[in-house]
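Heads up, the thing below is written out as structure tokens.
The values are calculated or read from the model by the stated rules, or taken from the named source; none is laboratory data. Since the model is a prediction, treat every value here as computed from it, not as a measurement. Don't worry about glycine lacking a Cβ; one is built from the backbone with ideal geometry, like all the others, and counts go over all protein chains shown. Areas reflect the complete protein model, heavy atoms only, side chains present, ligands, DNA and RNA absent. Shrake-Rupley method; radii C 1.70, N 1.55, O 1.52, S 1.80 Å.
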Amino acid sequence: MTTTRTPNRECVRCGARFFAHPYRAHAARYCSAACYSSGPRRSKDQIVARFWQHVNVGPKDQCWVWTGSYGSHGYGQFCVNPGRTTTAHRFSYEIAHKEEGLPRNVFVRHKCDNPKCVNPRHLEPGSGRENSADWHRRHGGNMGERNGMCRLTRGDVKAIVSSTETPAEIARTFGISRDYVYRLRRGEHRSLA
């Protein structure tokens, strides 16, 4: 059985009639991606003014909270132009430092560790490795006994490292693989420092 899709909307850009699913009919404004992105672009000043409408600006040394929309990752998101959405803190950094379109491999990191903050004084560029190291330094990561999937306590690791039993016996005793026993003894996992 085929159902006919009668056009129920009109494109605001080209005027063509198109079908929009009933659940999305209220939001459907364009007949295609080409019409969506072909419209007039906003000026840089308009974009910047619209950005700051979504920020609670406070004293220079405090966090400025983004009040716009958030992505599932917890960071603010901002639609610069149709087809280009970026994180709010990255856009704030670009405005403050007059850098348009930072390379994708450059991360904008929070010194304040607040994902909602867009204060340019709290932001700095860096690599993915530096960003990850910052997170681990602040939160300690989810390593060792803090990880809910952890099978070994710190005491178990010390016992394994100092044990004279064979790796196969230790693996059976603790319910881990022999390879993991070897890696623990070489210091590749679970630092005891």
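To the nearest 20 debye, what is the magnitude of the charge dipole of the chain about its Cα centre, counting +1 on the Cβ of each Lys and Arg and -1 on the Cβ of each Asp and Glu?
Here the chain has a charge dipole of around 460 debye.
Rounded to the nearest whole Å², what accessible area per residue is found for the chain with the 1.4 Å probe?
68
Quick check for me: using +1 on Lys/Arg Cβ and -1 on Asp/Glu Cβ, what's the dipole size of the range 37-91 about its Cα centre, in debye to the nearest 20?
Dipole about the Cα centre, nearest 20: 220 debye.
Taking a cut-off of 16 Å between Cα atoms, list the lysines near Lys98, but don't count ones fewer than 8 places away on the same chain.
Counting by Cα, and skipping residues close in sequence, Lys98 has these lysines nearby: Lys44.
Within the range 37-63, list the residues whose amide N lies under 17 Å from a label point set 7 Å along Cα→Cβ of Arg5.
No residue passes the distance filter.
At most 15 other Cβ atoms within 10 Å and a DSSP loop assignment: could you name the GluC sites (Glu not before Pro) in the range 1-108 that fit?
Glu99, Glu100
Heads up, I need the accessible area for Tyr75: 1.4 angstrom probe, whole protein in place, Å², nearest 10.
Roughly 80 Å² of Tyr75 is accessible to a 1.4 Å probe.
Cα axis of helix 128-139 to longest principal axis of the chain: angle in degrees, 0 to 90, nearest 10?
For 128-139 against the chain, the angle is about 60 degrees.
Please state the shape class of the chain: rounded when a/c is under 1.5, otherwise prolate if a/b exceeds b/c and oblate if not, all from the C-alpha gyration tensor.
Note, shape of the chain comes out oblate.
Could you give the nm distance between label points at Ala34 and Arg172, where each point is 7 Å from its Cα heading toward the beta carbon?
Going from the Ala34 label point to the Arg172 one covers 7.1 nm.
Just flag the GluC sites (Glu not before Pro) in the range 154-192 sitting in loop per DSSP whose Cβ has no more than 10 other Cβ atoms within 10 Å.
Answer by residue number: Glu188.
Along the charge dipole of the chain, pointing to its positive end and built from +1/-1 on Cβ of Lys, Arg, Asp and Glu, which listed residue (Phe91, Ser69, Gln46) has its Cα farthest out?
Of the options given, the answer is Gln46.
In the range 91-134, what percent of the accessible surface is made up of carbon and sulfur (1.4 Å probe, ligands and nucleic acids excluded)?
47
For the chain, what does the relative contact order come out to in percent, with C-alpha contacts under 8 Å and a separation of six or more?
Computed value for the chain: 11 percent relative contact order.
Could you check the simple spin-label distance between Arg84 and Trp52, using points 7 Å along Cα→Cβ, in nm with one decimal?
2.0
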